[in-house]
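Written below as structure tokens is the structure these notes are about.
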Amino acid sequence: MKPGCLVIHGFAGDVYEVLPLAQQLKDAGYAVECPTLEGHGLTRRQLARSKRHDWLGSAEEAYKRLAMRADPIVLIGFSMGGLLAIHLASKYPSEMLITVNTPYQYWDLGQVVRNLRSDFRPHASRYLNSMTRIPVSSMLQFRLLLTETKQIMPKVTCPSVILQTKRDDTVKAISAEHLKRELGSEDCSVYYFPESGHKLLLDVEAEQAIRLIQEQIDQRLTDRAHV
């Protein structure tokens, strides 16, 4: 079987957030699974009906589908998708964990203010849309998932790569250092992207980030083959 990559999108988002990465990995010859999490990509009401266990269930089902046609498996998660990937890495065989703007601490209010000062109209519209689009109950489920994920981070021992942008208003950039410290992996690297916001894979440094991710995966699998 060929190596596989499970690519997981973020909270209240959809596969569009990670599609450029998933497509690049597929074009590079990897088997790829890129699921839509339960309740996501639909309506506000359907998101509210889903719970964190449903989101994790979607990720687990995708892992099992991928495991039927790929080995080894690399786990990649954007934002909350990284939290789900951490859960999978603590439970299932994983060659590598890659997180992209995954929270340990969230909502960087200082960056929000800087964004509003630099270009008020589009940012204000985006923040207002987020507040009206995301149910309070779903935010609570996200917070519970974050708390539960922090407790299992030491169980993750596979090699890990952490990508974090400096202009992220959703996830505090210091989260990357927290993740590096809390994950149980002895092989853990952090890479910062200074010019991008939260959705790195769709932002100005997307090409560099995607290239870095593929290079890290390629190198890991090459090293594995030589062991």
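Every number here is computed from the coordinates shown, using simple stated rules; none is lab data. Owing to the predicted nature of the structure, the values given are computational and were not obtained by experimental measurement. Here Cβ is always computed from backbone atoms with ideal geometry, including for glycine, and neighbour counts include all displayed protein chains.
Brief remarks on what is shown
- When every residue of the range 173-181 is checked against the conditions, none turns out to be more than 15 Å from residue 103 (Cβ to Cβ) and small (Gly, Ala, Ser).
- Odd one out for residue 186 among (1) part of a helix (DSSP H, G or I); (2) out of contact with any strand residue (DSSP E or B) (no Cβ under 9 Å at 6 or more places or on another chain): (1)
- Filtered residues of the range 154-183 (kept if out of contact with any strand residue (DSSP E or B) (no Cβ under 8 Å at 6 or more places or on another chain) and either assigned to a loop (DSSP other than H, G, I, E, B) or among the polar types (S, T, N, Q) (or both)): 157, 167, 168, 169, 174
- Residue that is surrounded by the fewest Cβ atoms within 10 Å (Cβ to Cβ) [pool: residues in the range 1-50 that are closer than 23 Å to residue 94 by Cα, in contact (Cβ under 8 Å) with a residue 24 or more places away in the chain and in contact with a Ser or Thr (Cβ under 7 Å, 6 or more places away or on another chain)]: 15
- Within the range 180-208, considering residues that are under 22 Å from residue 72 (Cβ atoms) and of a type in the set (A, V, I, L, M, F, W, C), the one surrounded by the most Cβ atoms within 10 Å (Cβ to Cβ): 183
- Positions within the range 60-84 being of a type in the set (Gly, Ala, Ser), more than 18 Å from residue 220 (Cα to Cα) and not in a loop (DSSP other than H, G, I, E, B), in sequence order: 62, 67, 81, 82
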